[in-house]
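Participant: For reference, the structure I am asking about is given below.
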Number of protein chains: 2
Amino acid sequence: MREKDFISIIKNTLNSDYIGDDCAYLKDLGIVVTQDNLVEDVHFCLKYMSAFQLGVKSVAVNISDVCASGAEPAYLTIALSLPSYIDENFIKKFYKGAKSVCQNGVEIVGGDITGADKVFVSVCAIGSSKGRKISSRKNAKIGYKVVVSGVHGSSAMGLKLLTSGKKAPESFIKAHLEPTPQVEFCSQVSKNINSDYAMMDTSDGLMDALSTIANDSGVLLKVDYDKIPREKGVDKNLVLFGGEDYGIVAVVPKSFDCGGVVVGEVVEGLGVDLNIDGKTVHYSKQDVESSIFNHFEGVNNEI
Amino acid sequence: MREKDFISIIKNTLNSDYIGDDCAYLKDLGIVVTQDNLVEDVHFCLKYMSAFQLGVKSVAVNISDVCASGAEPAYLTIALSLPSYIDENFIKKFYKGAKSVCQNGVEIVGGDITGADKVFVSVCAIGSSKGRKISSRKNAKIGYKVVVSGVHGSSAMGLKLLTSGKKAPESFIKAHLEPTPQVEFCSQVSKNINSDYAMMDTSDGLMDALSTIANDSGVLLKVDYDKIPREKGVDKNLVLFGGEDYGIVAVVPKSFDCGGVVVGEVVEGLGVDLNIDGKTVHYSKQDVESSIFNHFEGVNNEI
């Protein structure tokens, strides 16, 4: 994956301890920060996505990252670069969509607006770590359970439908165009947990999140496919490798009650063992990366 | 100006108190935050700007905004969207440039990397307000003095030379491609001042900063053109209306000693009175906006 190679170069050039999780945890300021770009015809297509929906999605993907860090979403800045054909109506609807996702006092506080050839959205989200325990991909430990919140594969199913000109079933379309971040689940975890834990959203797919946590923590995640929450009619490739559901994978002590669906446990080893169709299939880091590469293009990679 | 109209729509849609200054001051978190987009062929051209210089400029413009708020620059995230022809070498040089501007412990802590048709850079900068007094454009008061740090017009002169195929004199070229934020001046002001004060960088031109402060504060700034620091050979239109110098205008009590060059004072009235060529020329808000519009295109407008 080209972008993952670039991330290695950036890590080496910057030689920074911060680059790794989706959010950077800035302990001295008591905040986390994350930033995502959404580019027309790479991440979205205005043929099937309205200005309101683009506003929703741009904010939702960043709030999802803040929630997965364990922090409380607090503030956003939005920088828009827009072609000359974009009118006032587009801007109004975009910001109405963006604002509609700002629950519980989250505020859009600034940004930038410039010209461009295509629509380009960059959102930066800041969360407060006050009263919360911040997660890390490196914190999965042997004996912990693997918990999932949200359904998986619906967004990729929605995209598949949209790109083939369909606009139904609505649940799949909405999952893709107006994803809902798992604010409540993440908040319950980070406000109540005492131990170190791992948490990630499934923006790049469920298997990507499972594999990243497993490999960054140096453990093996045993996961039952049958337990993964999903809608009927969604192909298993989409459930496992489809991105942009913005569900959550949390790896927490077995005794910790956080809701969600327990789909597996952490044992000695490395990677992911998936129990599926009566067999156990092992996925190394490379297996997952090449599966994502084979199934999907234009995957967005957070530094 | 089209983008300024859009900013009004955004302000109305969001109905937020934060939208106004270049940085949003988030008092509860003790931070300021700002974000700027730089788009290929709108804000820069790779024909005359190297990857290293793009890294320098992307970070410098955001550090300049943080400094002008009075906060101490602390952390940055950088989201890059890149065409497929961009190679590892470009990324390395970009981040080396970006890192070279990160003085005094400023760190790049994350961001995003995606595909795009053109090079698109979005930088978010966070500053700490600890031990500093934060500025506002609304804080200029009658009896205050107008102080300028940095030279004006050199960047626009550099751009004029570059677009006509010239690469000298070096001071003008460097002013445009590798601007230096006024870190020390701003820090001296915000660490030592006790009164409310106004401070802005001159990213959109010296007259834009003077006029914005005057109109947002409801006062008249009397300024002597002859006192404005500038290099020899720079046309007065460029000194007054040329952008991207990243100098500073600070409006502070007369008794406050902050270095820089005193160019004028604040009196009763509204707008800017410029003493130039033995005459006093009055600039209303509209005069300045239409002058910028007439002289320059593609002006970047912070929300």
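The values are calculated or read from the model by the stated rules, or taken from the named source; none is laboratory data. Just so you know, these numbers come straight off a predicted model, no measurement behind them. Here Cβ is always computed from backbone atoms with ideal geometry, including for glycine, and neighbour counts include all displayed protein chains. SASA here: full protein model, heavy atoms, side chains in, ligands and nucleic acids out. Shrake-Rupley method; radii C 1.70, N 1.55, O 1.52, S 1.80 Å.
Participant: Sequence-distant or interchain residues sharing an amide H contact under 5 Å with B:D204, placed H: which?
Facilitator: Result for B:D204 returns B:E244.
Participant: Roughly how many Å is it from the Cα centre of the stretch A:28-74 to that of the stretch B:5-69, as a whole number?
Facilitator: Taking the Cα centre of each part, the stretch A:28-74 and the stretch B:5-69 sit 18 Å apart.
Participant: Mind checking which of A:Y95, A:S164, A:V109 is farthest towards the positive end of the stretch A:80-168's charge dipole, using Cβ charges of +1 (Lys, Arg) and -1 (Asp, Glu) about the Cα centre?
Facilitator: A:S164
Participant: Now for a different question. Might you list the cysteines of chain B that have no disulfide-compatible partner by the rule of another cysteine's Cβ under 4.7 Å?
Facilitator: Taking the Cβ cut-off of 4.7 Å, the unpaired cysteines of chain B are B:C23, B:C45, B:C102, B:C258.
Participant: Along the stretch A:24-35, what does the Karplus equation 6.51 cos²θ - 1.76 cosθ + 1.60 (θ = phi - 60°) give for ³J(HN,Hα), rounded to whole Hz, x for Gly and Pro?
Facilitator: 8, 9, 9, 4, 5, 9, x, 9, 10, 9, 9, 9
Participant: At a 10 angstrom cut-off on C-beta neighbours, averaged per residue, how do the peptides B:88-95, B:200-207 rank from highest to lowest?
Facilitator: On the way: B:88-95: 18.9, B:200-207: 26.8.
Going from most to least packed, we get B:200-207, B:88-95.
Participant: Another question, if that's okay. Output needed: percent of Cα pairs per 10 Å distance bin for chain B, bins running from 0 to the one holding the longest distance.
Facilitator: 6, 28, 36, 23, 5, 0
Participant: Over the stretch B:221-296, what is the relative contact order in whole percent, taking alpha-carbon pairs under 8 Å and six or more residues apart?
Facilitator: Numbers: 61 pairs, mean separation 35.2, N = 76.
In percent, rounded to a whole number, it is 46.
Participant: Is the stretch B:117-167 rounded, prolate or oblate when judged by the Cα gyration tensor, a ≥ b ≥ c being the square roots of its eigenvalues, rounded requiring a/c under 1.5 and prolate requiring a/b larger than b/c? Intermediate results must be reported in sequence, preceding the final value.
Facilitator: Details: a/c = 3.33, a/b = 1.49, b/c = 2.24.
Cα axes put the stretch B:117-167 in the oblate bin.
Participant: Also: Once a ≥ b ≥ c are taken as the square roots of the eigenvalues of the Cα gyration tensor of the stretch A:185-303, is the result rounded (a/c under 1.5), prolate (a/b larger than b/c) or oblate (a/b not larger than b/c)?
Facilitator: Details: a/c = 1.42, a/b = 1.34, b/c = 1.06.
It is rounded, given that a/c, with a ≥ b ≥ c, falls under 1.5.
Participant: Which cross-chain or sequence-distant (5 or more) residues have an amide H under 5 Å from the amide H of A:I108, H modelled 1.01 Å from N in plane?
Facilitator: Amide H neighbours of A:I108: A:L76.
Participant: Summing Lys, Arg as +1 and Asp, Glu as -1, what charge do residues with Cβ under 9 Å from the Cβ of B:S69 carry, B:S69 excluded?
Facilitator: Details: positive: B:R132; negative: B:D21, B:D22, B:D65.
Within the 9 Å Cβ shell, the charges total -2.
Participant: A follow-up question, please. Work through the residues other than B:G97 whose Cβ is under 11 Å from its Cβ and net out their charges, Lys, Arg +1 and Asp, Glu -1.
Facilitator: +4
Participant: Can you say what percent of the DSSP beta bridges in the stretch A:145-295, counting only those with both residues inside, are antiparallel? Round to 5.
Facilitator: 80
Participant: Any idea what the relative contact order of the stretch A:145-295 is, in percent, if you count C-alpha pairs under 8 Å spaced at least 6 apart? Show your work: numbers first, answer last.
Facilitator: Working: 309 pairs, mean separation 57.8, N = 151.
With pairs under 8 Å counted, the relative contact order is 38 percent.
Participant: With every protein chain left in place, what is the accessible area per residue of the protein assembly as shown in square angstrom, probe 1.4 Å? Don't skip to the end; give the middle numbers.
Facilitator: On the way: 23600 Å² over 606 residues.
Result: 39 Å² of accessible area for each residue.
Participant: Of A:K27/A:K93; B:K93/B:K118; A:K96/A:K133; A:K27/A:K141; B:K174/B:K236; A:K167/B:K118, which ones are farther than 25 Å apart at the Cα? Intermediate values should be presented prior to the final figure.
Facilitator: Numbers: A:K27/A:K93 36 Å; B:K93/B:K118 17 Å; A:K96/A:K133 32 Å; A:K27/A:K141 23 Å; B:K174/B:K236 20 Å; A:K167/B:K118 31 Å.
Going by Cα-Cα distance, A:K27/A:K93; A:K96/A:K133; A:K167/B:K118 fall outside the 25 Å limit.
Participant: ³J(HN,Hα) across the stretch B:240-254 via Karplus (A = 6.51, B = -1.76, C = 1.60, θ = phi - 60°), whole Hz, x for Gly/Pro?
Facilitator: Values per residue, Gly and Pro as x: 7, 10, x, x, 6, 7, 6, x, 10, 10, 10, 10, 9, x, 4 Hz.
Participant: How large is the dipole of chain B about the Cα centre if only Lys and Arg carry +1 and Asp and Glu carry -1, each at its Cβ, rounded to the nearest 20 debye? Provide the component values of the computation, followed by the final result.
Facilitator: On the way: 31 positive and 39 negative charges, 112 e Å.
Value, rounded to 20: 540 debye.
Participant: Give me a single rounded figure for B:122-129: the average over its residues of other chain Cβ atoms within 10 Å of their Cβ. Before the final figure, lay out the partial values.
Facilitator: Values: counts 16, 5, 13, 2, 7, 1, 3, 0.
Mean inter-chain Cβ contacts per residue within 10 Å come to 6.
Participant: Expected output is a single nm value to one decimal: the length gained when fully extending between A:S195 and A:K47, i.e. 0.36 nm times separation in residues minus the C-alpha distance. What is it?
Facilitator: On the way: separation 148, 0.36 × 148 = 53.28 nm, distance 4.62 nm.
Using 0.36 nm per residue and subtracting the Cα-Cα distance, I get 48.7 nm.
Participant: For an R0 of 51 angstrom, estimate the FRET efficiency from the Cβ-Cβ distance between B:D226 and A:E289 and round to the nearest 0.05. Write out the running numbers ahead of the final one.
Facilitator: Working: r = 64 Å, r/R0 = 1.25.
Given R0 = 51 Å and the Cβ-Cβ separation, E is 0.20.
Participant: Given a Förster radius of 22 Å and the C-beta distance between A:N104 and A:S171 as r, what FRET efficiency does 1/(1 + (r/R0)^6) yield to the nearest 0.05?
Facilitator: 0.35
Participant: Looking at the protein assembly as shown, what % of its DSSP beta bridges pair antiparallel, to the nearest 5?
Facilitator: Details: 90 of 120 bridges.
Counting DSSP beta bridges with both partners in the protein assembly as shown, the antiparallel share is about 75 percent.
Participant: Moving to a separate point now. Mind checking the mean number of beta-carbon atoms from other chains within 10 Å of the Cβ atoms in B:42-48?
Facilitator: Numbers: counts 5, 4, 0, 0, 0, 0, 0.
Mean partner-chain Cβ count within 10 Å for B:42-48: 1.
Participant: Can you check what the net charge comes to around B:G242, using other residues whose Cβ is under 9 Å from the Cβ of B:G242 (Lys, Arg +1; Asp, Glu -1)?
Facilitator: Numbers: positive: B:K160; negative: B:D235, B:E244, B:D245.
The answer is -2.
Participant: On to the next question. Please give the calculated 222 nm ellipticity per residue for the protein assembly as shown, where each DSSP H segment of at least 4 residues contributes -39500 (n - 2.57) and the sum is spread over every residue; nearest 500 deg cm²/dmol? Each step should come with its number before you reach the end.
Facilitator: Details: 18 runs with 204 residues, N = 606.
Roughly -10500 deg cm²/dmol at 222 nm, from the helical runs in the protein assembly as shown.
Participant: Continuing with the same structure: Using the Cα gyration tensor of the stretch A:238-289, with a ≥ b ≥ c the square roots of its eigenvalues, what is the shape: rounded (a/c below 1.5), prolate (a/b larger than b/c) or oblate (neither)? The partial results should precede the final answer.
Facilitator: Details: a/c = 1.73, a/b = 1.24, b/c = 1.40.
Taking the square roots of the gyration eigenvalues as a ≥ b ≥ c, the stretch A:238-289 is oblate.
Participant: Run through the DSSP bridge list for the stretch A:22-128 and note the antiparallel percent, rounded to the nearest 5.
Facilitator: Details: 21 of 30 bridges.
So the antiparallel bridges in the stretch A:22-128 amount to around 70 percent.
Participant: Now for a separate question. Would you kindly work out the equivalent ellipsoid of the protein assembly as shown from its C-alpha gyration tensor and give its semi-axes, the square roots of five times the eigenvalues, largest first in whole Å? Don't skip to the end; give the middle numbers.
Facilitator: Working: eigenvalues 426, 111, 94 Å².
So the three semi-axes of the protein assembly as shown are 46, 24, 22 Å.
Participant: Please report the carbon-and-sulfur percent of the accessible area for the protein assembly as shown; probe 1.4 Å, protein heavy atoms only, DNA, RNA and ligands left out. Walk me through the intermediate numbers first.
Facilitator: Working: 10810 of 23600 Å².
Within the protein assembly as shown, the accessible surface is 46 percent carbon and sulfur.
Participant: Counting pairs of alpha carbon atoms under 8 Å apart in space and at least six apart in sequence, what relative contact order in percent does chain B give? Numbers along the way, then the final one.
Facilitator: Details: 673 pairs, mean separation 67.0, N = 303.
Taking the mean separation of contacting Cα pairs over the length of chain B, I get 22 percent.
Participant: Taking the alpha-carbon centroid of each part, what is the distance from the stretch A:216-251 to the stretch B:103-181 in angstrom?
Facilitator: 44
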